[in-house]
1. Calculate the spin-label point distance for residue 213 paired with residue 395, positioning each point 7 Å from the Cα along the beta-carbon direction, and give it in nanometres.
2. So which trypsin sites (Lys or Arg not before Pro) in the range 96-171 end up in coil per DSSP with only 13 or fewer other C-beta atoms within 10 Å?
3. Using the Cα centre of the range 228-335 as origin and beta-carbon charges of +1 (Lys, Arg) and -1 (Asp, Glu), tell me which of 322, 263, 290 is placed farthest towards the positive end of the dipole.
4. May I ask which residue of 204, 130, 154 lies farthest towards the positive end of the charge dipole of the range 107-231, with charges of +1 (Lys, Arg) and -1 (Asp, Glu) on Cβ and the Cα centre as origin?
5. Given the pairs 276/341; 437/475; 8/380; 448/482; 55/171; 452/594, which span a C-alpha to C-alpha distance of over 20 angstrom in this model?
6. With charges only on Cβ, +1 for K and R and -1 for D and E, what is the dipole size of the range 337-384 about its Cα centre, in debye, rounded to 20?
7. Tell me the accessible surface of residue 551 in square angstrom (1.4 angstrom probe, heavy atoms of protein chains only), to the nearest ten.
8. Taking the Cα centre of the range 428-489 as origin and charging only Cβ (+1 Lys, Arg; -1 Asp, Glu), how large is the dipole, in debye to the nearest 20?
Amino acid sequence: MPEDNKEKFYYHTSTTNTSFINMYKYLKEKGIENNKFFLKIYDYELTKIDPLNEKKLSLEMKARVLKEIARNPFYFLREIIRIPETGGFSRFKLNPGNLAALFCLMNNLNVIEILPRQQGKTISNLCYIYWIYEFGTTNTTILFGNKTPEDAQLNIERVVNIRELLPEYIKRTDNEDVNNIKKIARKGEKSNKNSIKALSTPNSAESAAKLGRGLTSPILYWDEVAFVNKFSIIYSSATLALSKAKERAIENNKPYFKLFTTTPNFLDDPSGKFIKGMIENSAQWDETLYDFSYEQLQDYIYNNSRNNFMYIEYTWKALGLSEKWYEEQCRDLNWDVKEIKKEVDLVWQYASSNSPFSETDLESIEENAQEPISSYILDKKWKFDIFVEEIDVNYPYAVSIDVAGGLSRDNTCISIIDPKTDMTVAEFISNTLTIPKLEEIILLIGTKWLNKAFFIIERNNYGLGVIQHIIEDSKFIKIRDKLFYAYKEFKVATRRGMKTRENLVSNAKKNKKMTKVYGINTTGESREVMFDILSETVAENPFVLNTKSISADIRNLEINKKGKIEHREGEHDDKLFSWLIYMRAKQEPTFFRKFYRPPAFTEKQAEKLQTFRRLLYNPMKYEEGLSEISKQALKMLENEEKKKNNTLIDFFIQMDKEKREAQLDINQIFNKN
C-alpha cells in the first residue's frame, strides 16, 4: 500500500473499466515505473461497490463516494462518468493520448493536443473540466472557445449531457443555477460559484484584440484552435489577463492551464500557421515523463519550449488502431487525400504547392518515413527520438549537427546516422537550445552515450564557435579526435564536371600536407551540391529519408522566383540539412579513411569505396546512362585481383542495395574481371 503525501491509498486493479487496466499493461510493457497512478483509490471499501447503483447504497457509502470523487479525479473518470452516445452511453475510455493530456493538465501544464478523428480528445478533456467545475475549484469562470460560437456552445451542451447521466446523489444542482447554451453556472447559496462560458468568434482585428484582453480565467480551453479566425491576435492580446488569472490560481492552490486541441489546418491559413508555430515552440511529450517529478517536468518544459506548452500528438498507429479502422476513416472522408492527411494522418500541409518534387515523389517519401519507435531523454533534459530497435553504444555513428543559436525560430537539429545505411537512427530538434547547452549535449553524447560516434558540425555562424571550443577547451579532450574534418583544397565534383581518377588520387596525396578544415560549410555553392544529392536520393533511394521530420522538411521546400530551392517562408529545413550535412561529409576522402571504416577494411579499400560512392552520387547525368559510370568503375578496379575486391564490392552492394544502377555496374565489374 503506497503513500501519497503521507496519505495511504490503494490501486483499484479490480475495476471493470478495462481501458484503465489496458493502459496499466501498456505503460508497464513500455518500462514506465509510474504505470498505474490512474488506478489510485483512497477508500478501499469503494472497490467492493457499484457507485452507480444508487438504490443499494447507504447514505454513508454515498458520502464516501462523494469524498473520493472530490479528491480523486481519476476515480470520477474511471468509475462514475458515462458519456452520451447514440442509443445510450459508454464509459470513459483511457488511451495513450488522453492519458498524456490528463497527466499534464493535472500538473497544471499548458497543452496542445492533436489526435486522429473520433479518438475522444474533446470529450475526454470535457470530462476532466467538468470534474474541475463541480469539485476541483471555486469562484472560477472556465472559458470555452472554438472556431465558431455555436461549436463552443456545443461543448457546453456536452458537459450538461454528461451531468445528466450522473446518479442523482452526485449531481450538484440548485434552482438558482444558470443553464443555457451560452453559459452554465453554479449560483446557489451553498454552491461553489463556478461557471463555464462560451466565447464569441471575432470578425476583425479590433474585436479579436478586445476578446483577448477579456480572457481573465485560469482555465482556457480552445477546441479546433487552428481554425479560429485571427487567433494570433486573440492570444497575444490575452497574455497579461491570462497571466494574472494564473497567479491568483497559484495563490489559492487551484487548477490552471491553457488547453488547445485541434486537427491540422492548411498552413496557407494564418491561424493554421500560427498554431503550427506554437507547436514548434513547445516541448514534445514523451511517455518517460510519467516517471518525472513535478520539478523535473518544469525543468523539461523550460529546456525544451519557448512558450511553456507541452505538445501531445499520437498517430492512429501509436494509438494501436488497425488498418481496417484507417480504411473506414478514408471511406468516411470519401478518399479525399487532403482531408485524410489532416483528419487521420495529422499532416500539416499547404493547399497550394510549388515543390521541386512531384506529388508522387513526396508521397513515396512520406510512405517510407517512420514514426519514432522509442525515445531517450539525455540527462533527463533533452529528448532524442529513436528510430531503431536498439542503439549500439559502441558503433561509429555519425552525429550530424545543423546549428542555430537558440535565439530565433531556427532549430538546432542533431541527427545520429548509421553510415552503413545513411538512415537516421536518432534525432533531436530544439529552437531553444543555446550554444553552451549544445556543447554540453555533444560532450554527453561522446562520453556518456555513444562512445565511438564522430561529430559533423555545420561550420557556419554559431557552429564555427562550437568547433573552436571543442578544439581549444580542455574539457572536450575526449571527443576532440572525433570531430570531422576535411582538407581545404579538396574539390567535390558538381554538375559542371567530374574529376578523373588520376586527379582524385593526386589530390588525396596533396591533402595529407594541407590544413585541416573542421566541419561542413553550407554556403550557396555547397547547398547546390546538397540539393543535387537530395534530388538523386528522392529519385533512387527515398527509403533512406526515413523520419517524419525530414519528410516534412522536404514537403516544405519550394522553387523561389529565382529558380532556386529553399524552404517556404516561415518554415524550416533544419532536419533535412542535418542529414544533408552528413551526406556532404561523406563525399570527402577523410570520411572513410579516418572516421568510418567498414569492418575488416584496409585504409586503401575504404578510400576506394569512398571514391566509388562519389562517382555514384555525382549529379552529372550521362547521355549513355550506365555505361559511363561503368567505365569509371572499371578503370578504378581493372588492375586489382577480383578476390581482393570481393569484400569491398559486397559491402557496397549491401550499402546501396536500392540503387539499381550501382548494382548493375558492379555486376559489369565482376564480368570484366
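The values are calculated or read from the model by the stated rules, or taken from the named source; none is laboratory data. Bear in mind the structure is a predicted one, so any value in this text is a computation, not a measurement. Here the Cβ is made from the backbone with ideal geometry for all residues, glycine too, and neighbour counts use every protein chain on show. Just so you know, the surface numbers come from the protein's heavy atoms only, side chains and all, with ligands and any DNA or RNA stripped out. Shrake-Rupley method; radii C 1.70, N 1.55, O 1.52, S 1.80 Å.
1. Calculated label separation equals 5.9 nm.
2. Details: sites: 117, 121, 147, 158, 163, 171; in loops: 117, 147, 171.
When the trypsin sites (Lys or Arg not before Pro) of the range 96-171 are filtered for loop state and at most 13 Cβ neighbours within 10 Å, 171 remain.
3. After comparing all options, I get 263.
4. 204
5. Details: 276/341 15 Å; 437/475 14 Å; 8/380 29 Å; 448/482 14 Å; 55/171 15 Å; 452/594 13 Å.
Flagged as over cut-off: 8/380.
6. Numbers: 6 positive and 10 negative charges, 87 e Å.
The calculated dipole for the range 337-384 is roughly 420 debye.
7. Number for this one is 10 Å².
8. On the way: 9 positive and 7 negative charges, 44 e Å.
For the range 428-489, the charge dipole is close to 220 debye.
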